[in-house]
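One structure below.
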Amino acid sequence: MRERFRVVGGAHLVGQATVVGAKNSALKLMAVALLAVGRTTLTNVPAIADVMIMAELLRRLGVGVDYDPEAGVVVLDVPERIGHRADYELVRALRASISVLGPLVARVGEADVAVPGGDAIGSRGLDLHAAGLEALGAEVHVTHGYLVATAPQGLQGADIRLDFPSVGATENVLTAAVLARGTTTIDNVAREPEIVDIAEMLQSMGARVEGAGTSRITVHGVDSLAPTRHAVVPDRIAAGTWAFAAATTRGQIEVVGGVADHLRAPLGALEQAGCDVTVTERGFCVSALGRRPRAFDVATLPYPGFPTDLQPFALTYNAVADGSAMVTENLFEARFRTVQELARLGADAQIDGHHVMTHGVELLSGAPVESSDIRSGAALVLAGLVADGETLVSGVHHIDRGYPRFEEALRALGADVTREPEDEPPFA
Ligand code: UD1
(Lines give C-alpha, C1' and ligand atoms only; values in the text may rest on other atoms or scores of the structure.)
Protein backbone atom coordinates (compact mmCIF):
# COMPACT_ATOMS: atom_id res chain seq x y z
CA MET A 1 0.00 0.00 0.00
CA ARG A 2 1.36 3.41 -0.95
CA GLU A 3 1.55 5.93 1.84
CA ARG A 4 1.98 9.67 2.13
CA PHE A 5 2.87 12.15 4.83
CA ARG A 6 0.42 14.86 5.80
CA VAL A 7 2.54 17.79 6.95
CA VAL A 8 1.11 20.86 8.66
CA GLY A 9 3.50 23.79 8.50
CA GLY A 10 4.45 26.26 11.17
CA ALA A 11 6.51 24.55 13.86
CA HIS A 12 10.04 25.54 14.76
CA LEU A 13 11.63 22.14 15.39
CA VAL A 14 13.19 21.99 18.83
CA GLY A 15 14.73 19.08 20.69
CA GLN A 16 16.92 16.08 19.97
CA ALA A 17 17.20 13.74 17.02
CA THR A 18 19.28 10.58 17.09
CA VAL A 19 21.25 9.17 14.19
CA VAL A 20 22.35 5.55 13.94
CA GLY A 21 24.63 3.81 11.47
CA ALA A 22 24.88 4.99 7.87
CA LYS A 23 22.77 3.20 5.29
CA ASN A 24 25.54 3.77 2.75
CA SER A 25 28.03 2.05 5.00
CA ALA A 26 25.92 -0.75 6.49
CA LEU A 27 24.99 -2.14 3.07
CA LYS A 28 28.62 -2.19 1.92
CA LEU A 29 29.85 -3.75 5.17
CA MET A 30 27.36 -6.58 4.70
CA ALA A 31 29.03 -7.25 1.34
CA VAL A 32 32.49 -6.99 2.92
CA ALA A 33 31.54 -9.85 5.28
CA LEU A 34 31.60 -12.16 2.22
CA LEU A 35 35.39 -11.94 2.33
CA ALA A 36 35.71 -14.16 5.42
CA VAL A 37 34.32 -17.60 6.21
CA GLY A 38 32.45 -17.61 9.53
CA ARG A 39 30.17 -15.35 11.56
CA THR A 40 30.54 -11.61 11.19
CA THR A 41 28.43 -9.29 13.36
CA LEU A 42 27.50 -5.73 12.42
CA THR A 43 26.04 -3.39 15.02
CA ASN A 44 24.48 0.09 14.79
CA VAL A 45 22.70 -1.04 11.59
CA PRO A 46 19.74 1.18 10.63
CA ALA A 47 16.21 -0.29 10.55
CA ILE A 48 15.51 0.26 6.85
CA ALA A 49 14.13 -1.86 4.03
CA ASP A 50 17.40 -1.72 2.05
CA VAL A 51 19.09 -3.88 4.69
CA MET A 52 16.41 -6.50 4.06
CA ILE A 53 17.12 -6.46 0.32
CA MET A 54 20.86 -6.82 0.87
CA ALA A 55 20.13 -9.65 3.33
CA GLU A 56 18.10 -11.44 0.65
CA LEU A 57 20.88 -10.99 -1.89
CA LEU A 58 23.42 -12.50 0.51
CA ARG A 59 21.06 -15.37 1.39
CA ARG A 60 20.87 -16.25 -2.31
CA LEU A 61 24.66 -16.43 -2.29
CA GLY A 62 24.40 -19.04 0.49
CA VAL A 63 25.01 -16.76 3.50
CA GLY A 64 22.98 -17.21 6.69
CA VAL A 65 21.62 -13.78 7.65
CA ASP A 66 20.03 -12.90 10.96
CA TYR A 67 18.78 -9.29 11.11
CA ASP A 68 17.29 -7.75 14.24
CA PRO A 69 16.14 -4.26 13.21
CA GLU A 70 15.16 -3.25 16.76
CA ALA A 71 18.61 -4.10 18.11
CA GLY A 72 20.33 -2.83 14.96
CA VAL A 73 22.31 -6.05 14.64
CA VAL A 74 23.03 -8.17 11.57
CA VAL A 75 24.79 -11.52 11.95
CA LEU A 76 26.17 -12.98 8.73
CA ASP A 77 27.22 -16.60 8.61
CA VAL A 78 29.39 -17.03 5.54
CA PRO A 79 30.06 -20.61 4.40
CA GLU A 80 33.18 -21.88 2.65
CA ARG A 81 31.36 -22.16 -0.67
CA ILE A 82 29.27 -19.22 -1.81
CA GLY A 83 27.51 -18.33 -5.06
CA HIS A 84 28.56 -15.52 -7.38
CA ARG A 85 25.38 -14.06 -8.86
CA ALA A 86 23.46 -10.92 -7.89
CA ASP A 87 20.08 -11.09 -9.66
CA TYR A 88 18.60 -8.19 -11.57
CA GLU A 89 15.44 -8.09 -9.46
CA LEU A 90 17.53 -7.34 -6.36
CA VAL A 91 20.06 -5.00 -7.96
CA ARG A 92 17.16 -3.10 -9.50
CA ALA A 93 15.61 -2.68 -6.07
CA LEU A 94 18.93 -1.79 -4.44
CA ARG A 95 21.71 -0.25 -6.48
CA ALA A 96 24.18 -0.72 -3.59
CA SER A 97 24.00 -4.45 -4.43
CA ILE A 98 26.88 -3.84 -6.83
CA SER A 99 29.15 -3.65 -3.81
CA VAL A 100 29.25 -7.47 -3.79
CA LEU A 101 31.28 -7.28 -7.01
CA GLY A 102 34.71 -6.74 -5.42
CA PRO A 103 34.29 -9.25 -2.58
CA LEU A 104 32.95 -11.95 -4.94
CA VAL A 105 35.77 -11.66 -7.48
CA ALA A 106 38.26 -11.76 -4.62
CA ARG A 107 36.70 -14.72 -2.80
CA VAL A 108 35.20 -16.83 -5.60
CA GLY A 109 37.14 -15.67 -8.66
CA GLU A 110 33.87 -14.83 -10.37
CA ALA A 111 31.00 -12.37 -10.05
CA ASP A 112 27.88 -11.97 -12.17
CA VAL A 113 26.21 -8.80 -11.03
CA ALA A 114 23.21 -7.31 -12.81
CA VAL A 115 23.82 -3.86 -14.24
CA PRO A 116 21.51 -1.51 -12.36
CA GLY A 117 19.08 0.66 -14.26
CA GLY A 118 18.91 4.39 -13.60
CA ASP A 119 17.56 5.06 -10.14
CA ALA A 120 15.95 8.41 -10.74
CA ILE A 121 18.99 10.48 -9.88
CA GLY A 122 20.85 10.53 -13.14
CA SER A 123 22.84 7.92 -15.02
CA ARG A 124 25.77 6.30 -13.27
CA GLY A 125 28.23 4.09 -15.07
CA LEU A 126 30.23 1.16 -13.82
CA ASP A 127 33.24 1.87 -16.05
CA LEU A 128 35.55 2.78 -13.18
CA HIS A 129 34.57 -0.36 -11.25
CA ALA A 130 35.34 -2.46 -14.34
CA ALA A 131 38.63 -0.72 -15.15
CA GLY A 132 39.85 -1.16 -11.56
CA LEU A 133 39.09 -4.88 -11.51
CA GLU A 134 40.71 -5.32 -14.93
CA ALA A 135 43.86 -3.66 -13.62
CA LEU A 136 43.88 -6.30 -10.87
CA GLY A 137 43.84 -9.01 -13.57
CA ALA A 138 40.11 -9.79 -13.80
CA GLU A 139 38.39 -10.20 -17.15
CA VAL A 140 35.29 -8.06 -17.25
CA HIS A 141 32.49 -7.99 -19.80
CA VAL A 142 28.79 -7.25 -19.93
CA THR A 143 26.46 -9.95 -21.20
CA HIS A 144 22.66 -10.19 -21.10
CA GLY A 145 22.46 -7.28 -18.69
CA TYR A 146 25.05 -8.70 -16.29
CA LEU A 147 28.53 -7.44 -15.55
CA VAL A 148 30.64 -10.60 -15.43
CA ALA A 149 34.06 -10.44 -13.83
CA THR A 150 36.30 -13.49 -13.71
CA ALA A 151 39.73 -14.12 -12.23
CA PRO A 152 40.17 -17.91 -12.12
CA GLN A 153 43.83 -17.59 -11.16
CA GLY A 154 43.12 -14.96 -8.50
CA LEU A 155 43.88 -11.25 -8.58
CA GLN A 156 47.26 -9.57 -8.76
CA GLY A 157 48.15 -6.29 -7.03
CA ALA A 158 48.55 -3.28 -9.34
CA ASP A 159 48.94 0.49 -9.39
CA ILE A 160 45.55 1.96 -10.20
CA ARG A 161 44.32 5.50 -10.68
CA LEU A 162 40.60 6.24 -10.74
CA ASP A 163 39.61 8.91 -13.28
CA PHE A 164 37.12 10.23 -10.73
CA PRO A 165 36.92 9.57 -6.96
CA SER A 166 33.82 7.39 -7.27
CA VAL A 167 32.60 6.02 -3.96
CA GLY A 168 31.34 2.73 -5.42
CA ALA A 169 34.43 2.12 -7.57
CA THR A 170 36.76 2.85 -4.65
CA GLU A 171 34.87 0.28 -2.57
CA ASN A 172 34.86 -2.45 -5.18
CA VAL A 173 38.53 -2.06 -6.06
CA LEU A 174 39.52 -1.91 -2.39
CA THR A 175 37.51 -5.00 -1.42
CA ALA A 176 38.92 -6.91 -4.39
CA ALA A 177 42.53 -5.91 -3.67
CA VAL A 178 42.61 -7.16 -0.07
CA LEU A 179 42.92 -10.79 -1.22
CA ALA A 180 45.07 -10.07 -4.32
CA ARG A 181 48.67 -11.23 -4.49
CA GLY A 182 51.11 -8.42 -3.74
CA THR A 183 50.59 -4.73 -3.27
CA THR A 184 47.93 -2.47 -4.80
CA THR A 185 47.92 1.29 -4.76
CA ILE A 186 44.71 3.09 -5.68
CA ASP A 187 45.05 6.79 -6.45
CA ASN A 188 42.35 9.46 -6.61
CA VAL A 189 40.08 7.41 -4.36
CA ALA A 190 36.94 8.63 -2.61
CA ARG A 191 37.65 9.88 0.92
CA GLU A 192 34.18 9.53 2.43
CA PRO A 193 33.88 8.41 6.08
CA GLU A 194 32.10 5.32 4.71
CA ILE A 195 35.32 4.35 2.89
CA VAL A 196 37.24 4.72 6.14
CA ASP A 197 34.59 2.57 7.82
CA ILE A 198 35.09 -0.22 5.26
CA ALA A 199 38.87 0.01 5.63
CA GLU A 200 38.59 -0.25 9.42
CA MET A 201 36.37 -3.29 9.16
CA LEU A 202 38.78 -4.87 6.68
CA GLN A 203 41.68 -4.18 9.04
CA SER A 204 39.82 -5.86 11.88
CA MET A 205 39.43 -8.89 9.59
CA GLY A 206 43.19 -9.02 9.10
CA ALA A 207 43.51 -7.01 5.87
CA ARG A 208 46.48 -4.72 5.40
CA VAL A 209 45.03 -1.41 4.24
CA GLU A 210 46.64 2.02 4.62
CA GLY A 211 45.61 5.53 3.67
CA ALA A 212 41.80 5.32 3.79
CA GLY A 213 40.48 8.86 4.18
CA THR A 214 43.26 10.23 1.94
CA SER A 215 43.43 10.23 -1.87
CA ARG A 216 45.67 7.17 -2.00
CA ILE A 217 44.94 3.77 -0.52
CA THR A 218 47.63 1.09 -0.34
CA VAL A 219 46.70 -2.55 0.12
CA HIS A 220 49.08 -5.40 0.84
CA GLY A 221 47.24 -8.55 -0.17
CA VAL A 222 46.76 -11.37 2.36
CA ASP A 223 45.73 -15.02 1.79
CA SER A 224 42.56 -14.98 3.85
CA LEU A 225 40.52 -12.86 6.22
CA ALA A 226 38.77 -13.66 9.49
CA PRO A 227 35.20 -12.76 10.52
CA THR A 228 34.79 -9.80 12.83
CA ARG A 229 32.44 -7.60 14.84
CA HIS A 230 32.07 -4.02 13.71
CA ALA A 231 29.87 -0.99 14.49
CA VAL A 232 28.62 0.98 11.47
CA VAL A 233 29.82 4.62 11.26
CA PRO A 234 27.10 7.19 12.13
CA ASP A 235 25.00 8.41 9.19
CA ARG A 236 26.37 11.81 8.21
CA ILE A 237 23.61 12.40 5.67
CA ALA A 238 20.89 11.74 8.25
CA ALA A 239 22.81 14.00 10.67
CA GLY A 240 23.04 16.69 8.00
CA THR A 241 19.31 16.35 7.39
CA TRP A 242 18.63 17.27 11.03
CA ALA A 243 21.08 20.17 10.79
CA PHE A 244 19.11 21.55 7.83
CA ALA A 245 15.82 20.77 9.59
CA ALA A 246 16.86 23.08 12.44
CA ALA A 247 18.11 25.81 10.12
CA THR A 248 15.15 25.66 7.72
CA THR A 249 12.43 25.69 10.38
CA ARG A 250 14.35 28.24 12.51
CA GLY A 251 14.51 25.80 15.35
CA GLN A 252 17.18 24.12 17.44
CA ILE A 253 18.15 20.47 17.19
CA GLU A 254 20.81 18.52 18.99
CA VAL A 255 21.88 15.70 16.67
CA VAL A 256 22.73 12.88 19.04
CA GLY A 257 25.27 10.51 17.49
CA GLY A 258 26.12 13.00 14.74
CA VAL A 259 29.78 13.60 13.93
CA ALA A 260 30.35 17.30 13.17
CA ASP A 261 33.75 16.52 11.71
CA HIS A 262 32.10 14.50 8.89
CA LEU A 263 29.96 17.52 7.96
CA ARG A 264 32.46 20.34 7.90
CA ALA A 265 31.31 21.82 4.58
CA PRO A 266 27.56 21.94 5.33
CA LEU A 267 27.91 22.90 9.01
CA GLY A 268 30.50 25.56 8.11
CA ALA A 269 28.08 27.01 5.54
CA LEU A 270 25.19 27.02 8.02
CA GLU A 271 27.34 28.77 10.60
CA GLN A 272 28.41 31.42 8.10
CA ALA A 273 24.77 31.91 7.19
CA GLY A 274 23.89 32.89 10.75
CA CYS A 275 23.11 29.62 12.52
CA ASP A 276 24.80 28.60 15.75
CA VAL A 277 26.65 25.30 15.41
CA THR A 278 28.13 23.76 18.52
CA VAL A 279 29.75 20.44 19.22
CA THR A 280 28.11 18.77 22.20
CA GLU A 281 29.07 15.81 24.33
CA ARG A 282 26.76 13.51 22.40
CA GLY A 283 26.96 15.01 18.92
CA PHE A 284 26.35 18.54 17.73
CA CYS A 285 23.64 21.19 17.90
CA VAL A 286 22.35 23.58 15.22
CA SER A 287 20.22 26.56 16.21
CA ALA A 288 18.46 29.25 14.21
CA LEU A 289 15.93 30.09 16.91
CA GLY A 290 14.41 33.53 16.57
CA ARG A 291 16.10 34.50 13.31
CA ARG A 292 16.01 33.97 9.58
CA PRO A 293 19.39 32.69 8.37
CA ARG A 294 20.83 33.84 5.04
CA ALA A 295 20.71 31.87 1.79
CA PHE A 296 24.08 30.50 0.66
CA ASP A 297 25.71 29.17 -2.50
CA VAL A 298 26.40 25.46 -2.65
CA ALA A 299 28.48 23.43 -5.11
CA THR A 300 28.36 19.69 -4.51
CA LEU A 301 31.71 17.91 -4.59
CA PRO A 302 33.25 14.60 -3.53
CA TYR A 303 34.01 14.44 0.21
CA PRO A 304 35.11 16.58 2.03
CA GLY A 305 33.11 18.90 -0.24
CA PHE A 306 29.40 19.58 0.14
CA PRO A 307 27.61 16.20 -0.22
CA THR A 308 25.29 15.78 -3.19
CA ASP A 309 22.95 13.85 -0.90
CA LEU A 310 22.35 17.06 1.09
CA GLN A 311 21.75 19.18 -2.01
CA PRO A 312 17.91 18.89 -1.86
CA PHE A 313 18.05 20.15 1.73
CA ALA A 314 20.17 23.13 0.70
CA LEU A 315 17.56 23.94 -1.95
CA THR A 316 14.72 23.77 0.55
CA TYR A 317 16.67 25.87 3.01
CA ASN A 318 17.50 28.50 0.38
CA ALA A 319 13.86 28.58 -0.70
CA VAL A 320 12.94 30.20 2.63
CA ALA A 321 16.23 31.77 3.72
CA ASP A 322 17.05 35.45 3.45
CA GLY A 323 18.32 36.45 0.00
CA SER A 324 19.32 34.80 -3.28
CA ALA A 325 21.71 31.94 -3.83
CA MET A 326 22.84 29.39 -6.36
CA VAL A 327 23.07 25.62 -5.90
CA THR A 328 25.34 23.78 -8.34
CA GLU A 329 25.18 20.00 -8.76
CA ASN A 330 28.50 18.59 -9.90
CA LEU A 331 28.08 14.87 -9.23
CA PHE A 332 24.84 13.70 -10.78
CA GLU A 333 22.91 14.95 -13.77
CA ALA A 334 19.18 15.37 -13.44
CA ARG A 335 19.27 15.48 -9.68
CA PHE A 336 17.00 18.48 -9.45
CA ARG A 337 13.64 16.80 -9.14
CA THR A 338 13.14 18.59 -5.83
CA VAL A 339 13.03 21.89 -7.67
CA GLN A 340 9.81 21.36 -9.60
CA GLU A 341 8.10 20.14 -6.44
CA LEU A 342 9.43 23.10 -4.42
CA ALA A 343 8.05 25.35 -7.15
CA ARG A 344 4.63 23.75 -6.57
CA LEU A 345 5.03 24.91 -2.97
CA GLY A 346 5.64 28.46 -4.14
CA ALA A 347 9.44 28.50 -4.08
CA ASP A 348 11.11 30.97 -6.41
CA ALA A 349 13.65 28.63 -8.04
CA GLN A 350 14.93 28.37 -11.62
CA ILE A 351 17.01 25.59 -13.11
CA ASP A 352 19.78 26.58 -15.50
CA GLY A 353 21.81 23.55 -16.57
CA HIS A 354 23.38 22.15 -13.43
CA HIS A 355 22.61 25.28 -11.41
CA VAL A 356 19.53 26.33 -9.51
CA MET A 357 18.97 29.95 -8.61
CA THR A 358 16.66 30.66 -5.67
CA HIS A 359 15.24 33.83 -4.16
CA GLY A 360 14.09 33.11 -0.64
CA VAL A 361 10.45 33.69 0.27
CA GLU A 362 9.20 34.10 3.85
CA LEU A 363 6.85 31.15 3.70
CA LEU A 364 5.99 28.41 1.21
CA SER A 365 2.44 27.44 0.44
CA GLY A 366 1.21 23.92 1.22
CA ALA A 367 0.33 21.64 -1.73
CA PRO A 368 0.50 17.97 -2.77
CA VAL A 369 4.00 16.98 -3.89
CA GLU A 370 5.74 13.79 -4.94
CA SER A 371 9.05 12.41 -3.65
CA SER A 372 11.31 10.92 -6.29
CA ASP A 373 14.12 9.60 -4.10
CA ILE A 374 15.13 9.33 -0.46
CA ARG A 375 16.64 12.76 -0.05
CA SER A 376 14.24 14.79 -2.16
CA GLY A 377 11.38 13.13 -0.27
CA ALA A 378 12.78 14.08 3.13
CA ALA A 379 13.58 17.59 1.87
CA LEU A 380 9.97 18.02 0.72
CA VAL A 381 8.73 17.06 4.18
CA LEU A 382 10.93 19.83 5.62
CA ALA A 383 9.53 22.17 2.95
CA GLY A 384 6.04 21.28 4.14
CA LEU A 385 7.05 22.35 7.65
CA VAL A 386 7.81 25.87 6.40
CA ALA A 387 4.69 26.07 4.24
CA ASP A 388 1.40 27.69 5.06
CA GLY A 389 -1.31 25.03 5.55
CA GLU A 390 -1.09 21.38 4.58
CA THR A 391 1.41 19.62 2.36
CA LEU A 392 0.85 16.04 1.24
CA VAL A 393 4.13 14.29 0.40
CA SER A 394 3.50 11.09 -1.54
CA GLY A 395 6.00 8.31 -2.23
CA VAL A 396 6.85 7.77 1.44
CA HIS A 397 8.50 4.44 0.61
CA HIS A 398 11.43 6.46 -0.76
CA ILE A 399 11.83 8.33 2.54
CA ASP A 400 11.58 5.09 4.53
CA ARG A 401 14.70 3.85 2.71
CA GLY A 402 16.88 6.40 4.48
CA TYR A 403 15.01 7.57 7.56
CA PRO A 404 13.59 4.94 9.89
CA ARG A 405 10.31 6.30 11.35
CA PHE A 406 10.94 9.81 10.06
CA GLU A 407 7.53 11.08 11.15
CA GLU A 408 8.02 9.92 14.74
CA ALA A 409 11.38 11.68 14.95
CA LEU A 410 9.81 14.85 13.53
CA ARG A 411 6.85 14.70 15.92
CA ALA A 412 9.26 14.41 18.85
CA LEU A 413 10.65 17.79 17.72
CA GLY A 414 7.19 19.38 17.66
CA ALA A 415 6.26 18.86 14.01
CA ASP A 416 2.74 18.00 12.89
CA VAL A 417 3.40 15.09 10.50
CA THR A 418 1.23 11.99 10.06
CA ARG A 419 1.50 8.92 7.86
CA GLU A 420 -1.61 7.90 5.98
CA PRO A 421 -2.61 5.73 3.02
CA GLU A 422 -2.37 7.43 -0.32
CA ASP A 423 -5.61 7.88 -2.28
CA GLU A 424 -6.08 5.51 -5.20
CA PRO A 425 -5.27 7.33 -8.43
CA PRO A 426 -8.57 8.13 -10.23
CA PHE A 427 -7.54 6.53 -13.55
CA ALA A 428 -5.71 3.43 -12.31
C1 UD1 B 1 27.33 6.84 -3.50
C2 UD1 B 1 26.13 6.95 -2.60
C3 UD1 B 1 25.21 8.07 -3.04
C4 UD1 B 1 26.00 9.37 -3.17
C5 UD1 B 1 27.23 9.17 -4.05
C6 UD1 B 1 28.13 10.38 -4.13
C7 UD1 B 1 25.74 4.67 -1.91
C8 UD1 B 1 24.85 3.49 -1.95
N9 UD1 B 1 25.38 5.72 -2.63
O10 UD1 B 1 26.85 6.48 -4.80
O11 UD1 B 1 24.18 8.23 -2.08
O12 UD1 B 1 25.15 10.34 -3.78
O13 UD1 B 1 28.02 8.08 -3.53
O14 UD1 B 1 28.51 10.78 -2.88
O15 UD1 B 1 26.73 4.69 -1.21
N16 UD1 B 1 30.71 7.29 -12.10
C17 UD1 B 1 31.13 6.93 -13.34
N18 UD1 B 1 31.67 5.68 -13.52
C19 UD1 B 1 31.77 4.78 -12.51
C20 UD1 B 1 31.31 5.15 -11.24
C21 UD1 B 1 30.79 6.42 -11.07
O22 UD1 B 1 31.05 7.70 -14.29
O23 UD1 B 1 32.26 3.66 -12.74
C24 UD1 B 1 30.15 8.67 -11.90
C25 UD1 B 1 28.68 8.61 -11.66
O26 UD1 B 1 27.97 8.63 -12.87
C27 UD1 B 1 28.44 9.87 -10.85
C28 UD1 B 1 29.73 10.05 -10.07
O29 UD1 B 1 30.69 9.22 -10.73
O30 UD1 B 1 28.26 10.95 -11.71
C31 UD1 B 1 29.65 9.69 -8.61
O32 UD1 B 1 29.34 8.34 -8.47
P33 UD1 B 1 29.83 7.47 -7.22
O34 UD1 B 1 30.76 8.29 -6.38
O35 UD1 B 1 30.31 6.16 -7.73
O36 UD1 B 1 28.50 7.28 -6.41
P37 UD1 B 1 27.86 5.93 -5.91
O38 UD1 B 1 28.88 5.07 -5.27
O39 UD1 B 1 27.04 5.35 -6.99
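The values are calculated or read from the model by the stated rules, or taken from the named source; none is laboratory data. Source: prediction; values computed, not measured. When we count neighbours, we look across all protein chains shown, and the Cβ atoms used for this are built from the backbone with ideal geometry, even at glycine. Side chains included, ligands, DNA and RNA excluded: accessible areas come from the protein's heavy atoms. Shrake-Rupley method; radii C 1.70, N 1.55, O 1.52, S 1.80 Å.
What helices (runs of 4 or more DSSP H) completely inside the stretch 371-426 contain at least 3 residues that are surrounded by fewer than 23 Cβ atoms within 10 Å (Cβ to Cβ)? Break it down into steps so the answer makes sense when it comes.
Numbers: elements: 374-385, 396-400, 406-412.
In the stretch 371-426, 396-400, 406-412 are the helices (runs of 4 or more DSSP H) which contain 3 or more residues that are surrounded by fewer than 23 Cβ atoms within 10 Å (Cβ to Cβ).
Could you say which residue among 279, 286 is open to solvent by 10 Å² or more (accessible area, probe 1.4 Å), touching a residue at least 12 places away in the same chain (Cβ under 8 Å), part of a strand (DSSP E or B) and within 16 Å of residue 242 (Cα to Cα)?
Matching residue, one of 279, 286: 279.
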Looking at the stretch 186-211 only, could you name the residues that are of a type outside the set (Lys, Arg), under 26 Å from residue 19 (Cβ atoms) and open to solvent by 30 Å² or more (accessible area, probe 1.4 Å)? 196, 200, 203, 204
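Just name the residue that is nearest to residue 84 (Cα to Cα) out of those in the stretch 2-25 that are touching an Asp or Glu at 6+ places or on another chain (Cβ under 8 Å) and among the hydrophobic types (A, V, I, L, M, F, W, C).
First, pick out the residues of the stretch 2-25 that are touching an Asp or Glu at 6+ places or on another chain (Cβ under 8 Å): 2-11, 15-17, 19-25.
Among the residues that remain, those that are also among the hydrophobic types (A, V, I, L, M, F, W, C) are: 5, 7-8, 11, 17, 19-20, 22.
Numbers: 5: 40, 7: 45, 8: 48, 11: 50, 17: 40, 19: 34, 20: 31, 22: 26 Å.
If we take residues in the stretch 2-25 being touching an Asp or Glu at 6+ places or on another chain (Cβ under 8 Å) and among the hydrophobic types (A, V, I, L, M, F, W, C), then 22 is nearest to residue 84 (Cα to Cα).
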When the stretch 126-179 is examined, which residues are found to be among the acidic types (Asp, Glu), within 16 Å of the ligand (Cβ to nearest atom) and outside any loop (DSSP other than H, G, I, E, B)? 127, 134, 171
Among the residues of the stretch 1-49 satisfying the criterion of being among the polar types (S, T, N, Q) and in a strand (DSSP E or B), which is farthest from the ligand (Cβ to nearest atom)? 16
Let me confirm something: among 113, 75, which residue is open to solvent by 10 Å² or more (accessible area, probe 1.4 Å) and not in a helix (DSSP H, G or I)? 75
Among (1) in contact with a helix residue (DSSP H, G or I) (Cβ under 7 Å, 6 or more places away or on another chain); (2) of a type outside the set (S, T, N, Q); (3) open to solvent by 20 Å² or more (accessible area, probe 1.4 Å), there is one condition residue 223 misses while meeting the rest; what is its number? (1)
Here is a list of conditions, (1) outside any helix (DSSP H, G or I); (2) closer than 23 Å to residue 224 by Cα; (3) open to solvent by 50 Å² or more (accessible area, probe 1.4 Å), and residue 59 meets all of them except one; can you say which number that is? (1)
So which of 228, 248 ends up being open to solvent by 10 Å² or more (accessible area, probe 1.4 Å) and in contact (Cβ under 8 Å) with a residue 24 or more places away in the chain? 228
Have a look at 115, 100, 73 and point out the one that is under 22 Å from the mean Cα position of the chain (by Cα) and modelled with pLDDT under 95. 115
